Structure formats: structure tokens, C-alpha cells
Amino acid sequence: MSRKKRYVFFQVLVYFALFFIACIALFSLFQLIGDFSSFLRKGSLFSWRLFFAEIPSVVRTITPLITVLTILFVMGTMERNRELRIFEINGIRSLEIYSVCIFFSLCTTLLAFVAGNISFSPSFPLEKKSSSLAFATDQMVVWAERHHSRERLEEVMLVMLEPQGTRVYFAPSAKIEGDTLILSAGTVRSIEDRNDPEHYFEETRVEFPVNLGKAFSWFVSDPEQTPFFTLYAALKNLSKVGIVPRREWITLWEKVSYPLLNFFLSLLLLPFLYIRKKLSRSYTIVAGFSLSLLAYLSFQMGISLGKNSMIPWWAAPWLFHIFAALLSLLYLSKKEKLDIIPSTVRPNKKT
Amino acid sequence: MYGEFLKNWYVAIGILMVLFLIKPLFLLIDLMVSHFFSFAGITAFFLFAFLEVSAYLLLLSFFIAIFAVVARMHSDREFIIFPVSGIRGSLILHTFIPLAGLCSLLLLVSLFFIVPQVKFMKRTLISASAIINPIKLFQPRSLVKITRDTTVYIGGIEGVRMKNIVLSNRDADNIVLTIAAKEATASVNSQGNLLLRLLDGKIFAASVREGKALARSEFATYRLIVPLQVAKRKISDRTVAESFFFGLLAISSQDRLPALFELERRFFFLLLPFLLLFTGYYLGVWMRISNMMMVVGAGAGVGLCAFYLLLLGEALVYQTGSLAIFWLLPGIWVLSLFFLRRRFFYVS
């Protein structure tokens, strides 16, 4: 990175830090206000643990707004100080300066992705519960009256829906080992054949094409709270038995596409580079908020449309990104006309 | 002066409407794609959302406009020019009293007639739209936990028909039913229960706790009723916030404190325009700012203070069980206005 680009990047970082601190301070204020309300209403006290647990998701949510505001403020300040023109006269094209903003948006994308995947919830929520559990596919149904951990189930019924007939297993306890369910001291019988007697077994192992522990884990956990890679592994595991839950797949890709809003929003800011007018602070704030709100609304619209099967589920998390990319490409194809100094008459940087 | 008030009021109500309608906008997007797309439905929803917050919009915009006018006049030294010209500063304050009265009258209509009805209609609209299409609950090749005791695997969906269903359900007698059906349709009855009509399949009943198979059968059609959680409360029942004046009095015979506090809260809102008029006037004289963004910020600050005053009042009422104690807080507010009046005697 050249010295000039480093200078621009430093400016970007300063503004980003300022907005970041301001947003976190605002969040803390709102959190305190909210907690004070619940203290007045219900007498519940402020929880520092909950407060800090919320911060990563807040960081993920606010980064697109901060990215937009930062880039707009940096461009506004540089235009106000005539720095953009000085750079151009020195043979550095505006797009080269803008590439620093693009690089910065990629950094915030990474930050938002990491923040969105920090989970404070227990890795396996089953550990704390002891309620009944059911899992069904087109080939089998597992019902457990109680579960004590990821591996141990109690009062279990397993119904195998096979083409040659249905078999049912009952066992007071069962253990999960990967893709094997080990039933202890139970019975098995065929449902169709009334003459088939009940067979007692000491221990029997039933193998599945799916890791049952992971499947149960997915079924009782909240996909929104599950980190990307864990959720991806869980959904891949489920797809082995033909379960492809679209909503959860959308939620999975949302974990990537939302942080990428930072990058695609920064692409949409390109026209501001060529406005060549002094951007006032209030104009910058209003433009930044409006653009972020618009992006957020269209992003949410895409997600909702996908979850309700109105558009293909794989396109749902990327609706805004597609529009932003198309608009940016369209703008870039015409941007040569907008350059103050055409590239053909620019001095050679090497000379 | 009214001209300047109106100019500021338009700006203030515009900004506040954007701020207050962001949340309904998000909800609307979800509702539009999940439940209704009709123009009438969307218009009704937005109208309800707007009318629901109309009281807050009216109060805050009134305060901001008063504050902006007085602050601008003070920054232009008009409070010095008027007394020099023989016009008392308090005349400016008195000019706005009819406006505060009008605001109070509009609040009376809004809080006692419009807002309760609108809240009720909005809830009815959302509840009705939430149970319009139960097929939205299901997705092809997915596993859905409808309730704590009902889990369904859906192989596919063609139009309104689900294909290759495998369902497990526990009934009230702790009997677990395992049902496999080739096709199924879903609907919701008026009680809010999900009706699953399963076609061409087999059913197996067992007591898992006893480890016993109880019965097995094949069926052409089987109806299963699953109680959904969406309609636990009857839609026709009005909550305290949705009740009119006489409705609140009727509720108060069973649930005294919440109903009477709601009445108290509404009467407090009727007084607020006058309190905000005096507060805006003295703050305008004190702060001397002309930037609209700062004026809106100050308006938001005062709005937040009023909100906390209400909360504190509510907490006091519920802690002590006495409704009268609520008026202590507006009393303190009025007292502080007297101090401000003494501090700015030259404009009073």
C-alpha cells in the first residue's frame, strides 16, 4: 500500500473508530434505558453478562451503517479539503483512492462475520433440558420421553418405516454414538405381522445415515444463534436423510450475506465520489442512514420472500447484493465520462 | 407567530413520523410477504400504525414547534425587543395557550376513542392474517416442530397439498401416535387449532413409557387436530389498552389497579400539552438554540423524560397500590416550572 493510500486508510480507520464508539455508547445507553424500564416495572436488575453477550450481535448489525457513514465522511472531508483534486492532479485516480474504501469494507465484512458467529449460548442446549424429543424422516421416527445429554436418551421408541414392513423398538434407555443408536434392554417387533412375537434384546445397534446427536442438537437449537460452521455441518448432516430445511439454509447464508452488505453498500457509494460537491455533515448523516435503511429493508424483504417460497431460497439472502452489484457495474461502465481529468491526459505516475 | 409555529410543526411531525413508523415498516414487510399482499390490507395496517402513535406524534411535535419558535426568538433577541416596545414577554406564552387547549382536545379524542379502537383493530388484523394460510408453517423436505408434542416431516409440497408426511404426536393420554401418510392438507379452525387432513396412510399408537404397542391401522382419511399457540386468547377480548372509557370502568370491577391506572395515564396525557407548553417556553428561553436537529434532539430528550416519569409513576402505583401517588410526579414537574418562571421572570 502506497503512502497516500495508507493516509486515506488511516483517515477511514479514525472515522470508523469514532462511529463505532458512538454506536456502542448509544447501544449501552438504550440498553441501560431498557433495563431501567424493566427495573421500574418488574424490579429486575441490570445484567452485565447479558449486556456483553449482546455486543457481538450489535456489532454485526451496525457495521453496515458505520461503514457507509465512515466512507461518506471520509469522502466529504477529502472533498472539503480539496484532497481528491490534489490526488487526481498528482496522477492518482479517484478509483484508486476508492479502492482503499473497498479494502476497508472487506475488513468490516470480516469483522461483522466474526462478530455474528461468536456464540455465548451453550454448544448443546439439550444438556440443560429434560423434555421429550422427536425426530422424524421418511424412513424412521425416534421418540424419547427424556434426554439427559447429547448421547443419552430415556424411554425410547424407534419406528423404522422400511419397504418390507414397519419395525418398532422400545427401550428404557439408549445411547447415541455418532450415527449409531444403541438401545438397551428393550423389545422389537414387526407392526404389520400380527403373528410375529415380540423379541427381547439386551443391546441392539441401529445404524442411520445421519449423525443423530448432531441432528437432535440442530432440532432443539436456535439456528439464528448457531455459528455458521456449526450450522453448516448440521444442515449437511441432515441432508443425508433428505431433510433440506429451506428456512435454515437461508438463515445459514444470511450469516454470510449480511456481513457482505458492508462491501456491496460501499460499491453503491461510488457515485458520491464524483458528485464533486461539498457534502455537509447533516447531508452525509441523512444519506448514510437512508441508504443503510434501504439496504436493510431490501435485505429483509429478500429473506422474507425466500422464507415464504416466493423467490428461490438460494437467491433470498443475495437479493440486495445482486441489485447493488448490477447498479455498480452500470455506473462503472459510465464513470469515465464523469472523471474530471480523463485517463488519457493524466500524467504518467512513473515520471 | 402561528405561521412560524406551523412551519416548525410540519418539519417536526415529518421527522417524528419517519422515526415512529420505521418499526411498523419492518413489521409490515414481514406481514406482506408472510400473510397479505392486498393494497387494502397494507393501507389499513399503515393507517392503524400511524393512528396508534398519533398521540405521541402530536405531543412531541407540539413541544418541538414551541421550543423551536421560542429558541429562535430568543436567539434573535426578540425577548429584549418586545419589552422595550411595551409588549410583555408573557404575551408570547399566552398566545400558545389556545393551541395547547386544541392539542389537549385532539388528545382526548385520540386517547379515549381512536387509539383503543385502532389497537384492537390492528391486533385483529394481524391475528387474522397470521392464521390465513397454515401451509406457510410447512416447507418441503423439512422437519417442523409444531408444538411441544407434535413433530412433522414433510417430503414435499404441491400447491396446498403436502406429500409423504411422517408425523409423531402425543395426545392427552400420553399415547404417542406415529402417522405416515401419502398426502395431507392443513387448515386452521375458528378456535385457532390446526386441522391436518391426512390421506392414504397408516397409523401406529404406542405407550412409550410402558414400552407397549397399542394399536395399528391403515386409513384413507384421518383428521388430526393440533392446538396451535397463536390463538390462545380470544380475539374479541379487549385488553386494558384497547378499552374505551366505560370498558375500563367495567374492567376495574375485576382488575382495579391496571384499569384505573390506564384511565389515570390518559388523563395525565390530556394535561401534558400544557406542561409541555410551559417547559418548551422556558427551555427555549434558557437554551437559545436555532439548529433544527438540536431542537429535535431536545424534544426527544424531553419526550424520554416524560416517558420515564410515566414509568416511575406506574412503578410507584403498583408498589404502593395507591393511585393518588401517581400525581406526585406531575406535581414535581409543575413545581419545577414555577422555579423556572421565577428564574426567567423577565419573560413571564
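Here are the numbers:
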| read-out | value |
| --- | --- |
| Estimated FRET transfer efficiency when R0 is 60 angstrom, pair B:I175-B:I114 (beta carbons, to 0.05) | 0.75 |
| Links that overshoot a 29 Å alpha carbon limit, given the list A:K255/B:K163; A:K175/B:K145; A:K255/B:K202; A:K175/A:K307; A:K175/A:K240; A:K307/B:K23 | A:K255/B:K163; A:K255/B:K202; A:K175/A:K307 |
| Burial ranking of peptide ranges A:101-112, B:304-315, A:155-166 (average Cβ count within 10 Å, highest at the top) | A:101-112, A:155-166, B:304-315 |
| Fraction of accessible area attributable to carbon and sulfur, the protein assembly as shown (%, probe 1.4 Å) | 65 percent |
| Accessible area buried at the A-B interface, both sides summed, 1.4 Å probe (Å², nearest 100) | 4200 Å² |
| Chain lengthening between B:R148 and B:T239 when straightened (0.36 nm per residue, less Cα-Cα) | 30.0 nm |
| q = 0.09 Å⁻¹, segment B:211-348: log10 I(q)/I(0) [Debye, one scatterer per Cα] | -0.49 |
| Accessible solvent surface per residue of segment A:131-249, calculated while the other protein chains remain in place, 1.4 angstrom probe, Å² | 43 Å² |
| Contact order normalised by residue count of chain B, Cα under 8 Å, 6+ apart, percent | 19 percent |
| Angle in degrees between helix B:328-343 and the longest Cα principal axis of chain B, rounded to the nearest 10 | 30 degrees |
| Whether chain A is rounded, prolate or oblate, judged on the alpha carbon gyration tensor where a/c under 1.5 counts as rounded | prolate |
| Occluded residues from segment B:174-208, i.e. those whose accessible area drops by 40 Å² or more once the chain is not alone (1.4 Å probe) | B:T178, B:K202, B:F204, B:V208 |
| Cα gyration tensor, the protein assembly as shown - rounded (a/c under 1.5), prolate or oblate | oblate |
| Gaussian network model of chain B, springs between alpha carbon atoms under 10 Å - residue of B:A100, B:A65, B:A215 with greatest fluctuation | B:A215 |
| Phi to ³J(HN,Hα) by Karplus 6.51 cos²θ - 1.76 cosθ + 1.60 over segment B:56-73, Hz, x for Gly, Pro | 5, 4, 5, 5, 5, 5, 4, 4, 4, 5, 4, 4, 5, 5, 5, 5, 5, 4 |
| Segment B:157-220 shape via C-alpha gyration tensor axes, a/c threshold 1.5 | oblate |
| 10 Å Cβ neighbours from other chains, averaged over peptide B:304-310 | 1 |
| Segment B:166-275, accessible area per residue, ligands and nucleic acids excluded (1.4 Å, Å²) | 50 Å² |
| Karplus (6.51, -1.76, 1.60) ³J(HN,Hα), θ = phi - 60°, over segment B:257-266, in Hz, Gly and Pro reported as x | 4, x, 5, 6, 5, 4, 4, 4, 4, 5 |
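The values are calculated or read from the model by the stated rules, or taken from the named source; none is laboratory data. Computed from a predicted model, the values in this text were never measured in an experiment. Cβ: placed from backbone, ideal geometry, glycine included. Neighbour counts: every protein chain shown. What goes into the accessible areas is simple: the full protein's heavy atoms, side chains included, and nothing from ligands, DNA or RNA. Shrake-Rupley method; radii C 1.70, N 1.55, O 1.52, S 1.80 Å.
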